[in-house]
Amino acid sequence: MGKQIISTDDAPAAIGPYSQGTKVDGIVYASGQIPLDPKTMTLVEGGIKEQAKRVLDNLMAVLEAGGADHSTVVKTTCFLSDMNNFAAFNEVYGTYFLETPPARSCVEVSRLPKDVLVEVEAIACLK
């Protein structure tokens, strides 16, 4: 099976030389999602909880477009601009992966695109 590019209007368009995701050999690799509204391409207002929800909604849209979903995610990598937001982020994150939590790394980074508070990427199997 060759590499396929994943693209959906339900997640923000790529703002650089990358795709929303790729699919190869039954695996979906979803690019890191930030809290951009896919319709307006503007950042959502609010704090970490609002940003986390938008990020995870964007991520779910990319996964769905690629033939995966929350239950088939095997690994996420979560980037926070401030680890003090971990508990609030985790509260939102847990609602997306309550029954089938994937492996995860969560790290604090010095800066994220557009100075957002959170970015999440994922690797998933096809449904």
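The values are calculated or read from the model by the stated rules, or taken from the named source; none is laboratory data. Since the structure is predicted, the reported quantities are computational estimates derived from the model, not experimental observations. Virtual Cβ from ideal backbone geometry, glycine too; neighbours counted across all protein chains shown.
Contact list please: Cβ distance under 8 Å, first residue in the stretch 34-51 and over 13 Å from Ile15 (Cα atoms) and in contact (Cβ under 8 Å) with a residue 24 or more places away in the chain, second residue among the aromatic types (Phe, Trp, Tyr) and outside any loop (DSSP other than H, G, I, E, B), pairs at least six apart or on different chains.
As it stands, the answer is Ile48/Phe89; Lys49/Phe89, since those pairs meet every condition given.
Does Gln20 satisfy the criteria of being buried (at least 18 other Cβ atoms within 10 Å of the Cβ), over 15 Å from Val118 (Cβ atoms), polar (S, T, N, Q) and within 11 Å of the chain's Cα centre (by Cα)?
Numbers: buried (at least 18 other Cβ atoms within 10 Å of the Cβ): yes; over 15 Å from Val118 (Cβ atoms): yes; polar (S, T, N, Q): yes; within 11 Å of the chain's Cα centre (by Cα): yes.
Yes, satisfied.
For the stretch 71-90: of the residues being of a type in the set (Val, Ile, Thr) and outside any helix (DSSP H, G or I), which is nearest to Cys106 (Cα to Cα)? Write out each step before concluding.
Step one: of the stretch 71-90, the residues of a type in the set (Val, Ile, Thr) are 72-74, 76-77.
Now drop any that are not outside any helix (DSSP H, G or I), which leaves 73-74, 76-77.
Working: Val73: 15, Val74: 14, Thr76: 8, Thr77: 6 Å.
Filtering first and then ranking leaves Thr77.
When you go through Ala30, Ala61, Ala68, Ala122 one by one, which is the residue that is in a loop (DSSP other than H, G, I, E, B), within 14 Å of the chain's Cα centre (by Cα) and either closer than 16 Å to Thr8 by Cα or modelled with pLDDT of 95 or more (or both)? Working first, answer last.
On the way: Ala30 fails: in a loop (DSSP other than H, G, I, E, B); Ala61 fails: in a loop (DSSP other than H, G, I, E, B); Ala122 fails: in a loop (DSSP other than H, G, I, E, B).
Exactly one of Ala30, Ala61, Ala68, Ala122 is in a loop (DSSP other than H, G, I, E, B), within 14 Å of the chain's Cα centre (by Cα) and either closer than 16 Å to Thr8 by Cα or modelled with pLDDT of 95 or more (or both), namely Ala68.
Among the residues of the stretch 94-113, are any touching a residue at least 60 places away in the same chain (Cβ under 8 Å), out of contact with any helix residue (DSSP H, G or I) (no Cβ under 7 Å at 6 or more places or on another chain) and not in a strand (DSSP E or B)? Can you show your working first?
First pass over the stretch 94-113, keeping only residues touching a residue at least 60 places away in the same chain (Cβ under 8 Å): 112-113.
Now restrict to residues that are out of contact with any helix residue (DSSP H, G or I) (no Cβ under 7 Å at 6 or more places or on another chain): 112-113.
Next, from what is left, pick out any that are not in a strand (DSSP E or B): 112-113.
The answer is yes, given that some residue of the stretch 94-113 is touching a residue at least 60 places away in the same chain (Cβ under 8 Å), out of contact with any helix residue (DSSP H, G or I) (no Cβ under 7 Å at 6 or more places or on another chain) and not in a strand (DSSP E or B).
Out of (1) within 23 Å of Ile5 (Cβ to Cβ); (2) hydroxyl-bearing (Ser, Thr, Tyr); (3) in contact with a helix residue (DSSP H, G or I) (Cβ under 8 Å, 6 or more places away or on another chain), what's the single condition that is false for Thr22?
(3)
Filter the stretch 33-53 down to the residues that are assigned to a loop (DSSP other than H, G, I, E, B) and within 22 Å of Ser71 (Cα to Cα), then identify the one that is nearest to the chain's Cα centre (by Cα). Please lay out each step first, then the result.
Filtering the stretch 33-53 for residues assigned to a loop (DSSP other than H, G, I, E, B) gives 34-35, 37-42, 44-47.
Still in the list and also within 22 Å of Ser71 (Cα to Cα): 34-35.
On the way: Ile34: 7, Pro35: 9 Å.
The selected residue is Ile34.
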